[in-house]
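Student: I'd like to ask you about the structure that follows.
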Amino acid sequence: MSPVLISLSPNTEADDLRQAWQVLLKPWQWRQETFVIHLEQLLSRYFDNRPVVMTSSGRAGIKAALSALSIGEGDEVIVQAFTCISVPAAINWAGAKPRFADIDPTTYNFDISSLANKINLRTKAIIVQHTFGIPGPLQQIRQLADKHNLVIIEDLAHSLGATLDGQKLGTFGDIAVLSFGRDKGFSSVFGGALVSNNPDLIKKINQQQNALPYPPRWWVAQQLIHPLLISLAKTWYWRGHVGQVIIVSAQKLGLLSKAVQLSERRAKEPQHTAWRYSPALARLLNLQLSKIARYTKRRQHAAQQYRQTLGITTKQLVDSPGASWLRFPLRVTDKTKVLASAKQAKLVLGDWYDSPVTPCAGLTTYVGYRLGSCPVAEQASRETINLPTYPTIRPDQLQQVISFIRSQAS
Ligand SMILES: Cc1ncc(COP(=O)(O)O)c(C=O)c1O
C-alpha cells in the first residue's frame with residue numbers, strides 16, 4: 001500500500017501500471033503516430049472541438065506557441081511570480097523576456113493591478129497560470145489584453161479539468177498550454193499540448209512539431225519505466241528507506257529521468273524540446289485522460305474536506321467552485337519545520353513553490369527575477385505548504401493529514 005507522498009506519480013493506478021508494462025514490451029509500436037493523432041482528437045473533443053497539437057512537454061509547448069506567434073527578440077511576456085522555472089525559461093528560449101507580476105494572496109494568481117503595472121510597449125503576451133487549479137481572473141485579464149492588444153496564453157499545467165462559471169479553463173485565452181509531467185493532474189511522465197480556437201496557429205505548430213524527430217528509444221524506455229519503478233519504490237518508501245534508495249540509485253544509473261535537469265537551472269535548454277511527443281507516451285496519457293471527470297471530483301472532494309475541517313475561510317483562500325485543486329495550499333509560520341515534522345509522521349507534503357521562481361538557483365542571473373519585486377509572492381513562497389488531493393489518496397490518509405495539521409496548530 002502506498003504511503004502519503006504528494007509527488008512521485010500521484011495519479012498512477014493499477015491499470016496505468018499495466019498499460020506501461022504493455023507499451024514497454026512492444027517497442028516496435030513506439031513510433032506509431034496514430035496514437036498521437038487519436039490523443040489529439042480526444043483532447044480536441046474535451047475542448048469543444050478546438051484543434052490540439054501535442055508537444056514533448058509543457059515548456060516545449062510554451063516555446064512553440066511563442067515562436068508560432070512571432071513573439072521573440074525584443075518582446076516581453078508577463079508571468080506571475082510564484083511559478084516554476086520552466087515558464088520563464090521557455091520564454092527565454094523563444095528569445096523573449098519574462099516580466100514578473102505579483103499575486104493575490106487568496107488565489108495565488110495574478111494581482112490585477114500589479115499585472116496592469118507591468119504592461120509596456122514591449123509586452124506581447126500574458127501567461128495566466130491558474131495556480132493549483134484555481135482559475136485566474138480571466139475577465140479582467142481579457143479587458144487588459146484587448147486594451148493593449150496582447151495575446152492571452154492560459155497555462156493549464158495545474159488545472160486541466162477546472163472550470164470558471166461552467167466554462168472549461170483553456171477555452172478563455174487565445175491559446176492554452178497543457179503539461180502532462182509526472183506531478184501534474186494527468187501524466188505521461190513527460191508531455192504537453194497546445195489548444196486554440198485559431199486553427200491556422202495550431203496547423204502551423206503542428207507542421208513544426210511534425211518536422212521534429214522522435215525521442216530516442218532509450219529516453220522513451222526511461223519514461224515508461226518511471227511509473228513502474230516509482231510504484232515499487234512507493235511500496236517500500238518507509239521500510240528502512242529502501243524506496244528512497246531505489247529512486248536515488250535508479251536516477252544515478254540513468255533508469256529514471258529528472259523532471260527538471262540541473263542544467264536547466266542555469267538556463268540551458270533541455271534536449272527534449274527538440275523532439276516531438278512520443279506515441280509510446282501517448283498510450284499512457286490516453287488512459288489517464290479517460291479519468292478527467294473522476295480525478296477532478298476526487299481532488300475537489302479532498303479540498304472541501306480540508307477547507308471544512310481546518311476552518312479555512314474565503315478570506316484566506318478563495319473557494320472557486322470549478323477549481324480542480326491539483327494541490328491544496330495552506331499557510332504556516334514555519335514551513336521548514338512543518339514539512340520536516342510531517343516527514344517524521346511519514347507524510348510527504350508539498351512545498352510549491354518554495355521560491356518566487358522554483359527551483360531558485362540563479363534567480364536573478366538566469367531568470368531575471370529581482371528579489372523584493374513581488375513581495376506577496378515571496379511571502380507566499382516562504383509560508384505555503386501543499387496538502388495532497390491526489391485521486392489515489394485514501395479517506396484514512398486524508399484524516400491522517402488533517403490530524404497532523406491540527407497537531408501543528410495546537
Ligand atoms: C505552472 C507550470 N507551468 C508550466 C510547467 C511546464 O510543464 P512541463 O514540466 O511539462 O514542461 C510547469 C512545470 O512544472 C508548471 O509548474
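Student: Note down all Cβ pairs under 6 Å where the first residue falls in the range 79-90 and is under 16 Å from GLN261 (Cβ atoms) and within 8 Å of the ligand (Cβ to nearest atom), the second is modelled with pLDDT of 95 or more and not in a strand (DSSP E or B), and they're at least six residues apart or on different chains.
Tutor: SER86/ARG59; ALA90/ARG59; ALA90/ILE62; ALA90/LYS63
Student: Also, I was wondering about something else. Go over the candidates SER2, SER9 one by one and state the one that is within 18 Å of the chain's Cα centre (by Cα) and either under 12 Å from ARG283 (Cβ atoms) or not assigned by TED's automatic domain parsing to the domain that holds ALA89 (or both).
Tutor: The match here is SER9.
Student: OK, next. Can you tell me which residues in the range 144-170 are within 13 Å of the ligand (Cβ to nearest atom) and assigned to a strand (DSSP E or B)?
Tutor: Those that are within 13 Å of the ligand (Cβ to nearest atom) and assigned to a strand (DSSP E or B): ILE153, GLU154, ASP155.
Student: Could I ask something else about it? Tell me, yes or no, whether the range 64-74 has at least one residue that is of a type in the set (S, T, N, Q), buried (at least 22 other Cβ atoms within 10 Å of the Cβ) and modelled with pLDDT of 95 or more. Before you say what the answer is, go through the steps one by one.
Tutor: Taking the range 64-74 and keeping what is of a type in the set (S, T, N, Q), we get 67, 70.
Now drop any that are not buried (at least 22 other Cβ atoms within 10 Å of the Cβ), which leaves none.
No, the range 64-74 contains no residue that is of a type in the set (S, T, N, Q), buried (at least 22 other Cβ atoms within 10 Å of the Cβ) and modelled with pLDDT of 95 or more.
Student: So which residues in the range 171-193 are in a loop (DSSP other than H, G, I, E, B) and more than 8 Å from the ligand (Cβ to nearest atom), if there are any at all?
Tutor: If the condition is that a residue be in a loop (DSSP other than H, G, I, E, B) and more than 8 Å from the ligand (Cβ to nearest atom), then THR171, PHE172, GLY173, ASP174, ARG182, GLY185, PHE186, SER187, SER188, VAL189 are the ones that fit.
Student: When ALA116 is evaluated against the numbered criteria (1) farther than 28 Å from ASN49 by Cα; (2) in contact with a Phe, Trp or Tyr (Cβ under 9 Å, 6 or more places away or on another chain), which criterion, by number, is the only one it fails?
Tutor: Looking at each condition in turn, ALA116 falls short on (2).
Student: Same structure again: Just wondering, is there one or more residues in the range 110-119 that are touching a residue at least 60 places away in the same chain (Cβ under 8 Å), within 16 Å of the ligand (Cβ to nearest atom), closer than 23 Å to LEU387 by Cα and not assigned by TED's automatic domain parsing to the domain that holds VAL376?
Tutor: No, that holds for no residue.
Student: Residues in the range 182-220 that are of a type in the set (Val, Ile, Thr) and closer than 20 Å to ARG283 by Cβ: how many?
Tutor: Filtering the range 182-220 down to residues of a type in the set (Val, Ile, Thr) leaves 189, 195, 202, 205, 220.
Now narrow it down to the ones that are closer than 20 Å to ARG283 by Cβ: 189, 220.
Total meeting the criteria: 2.
The values are calculated or read from the model by the stated rules, or taken from the named source; none is laboratory data. Remember, predicted model here, so these are calculated numbers, not experimental data. As a convention, Cβ positions derive from the backbone with ideal geometry for all residues, glycine included, and neighbour counts pool all protein chains shown.
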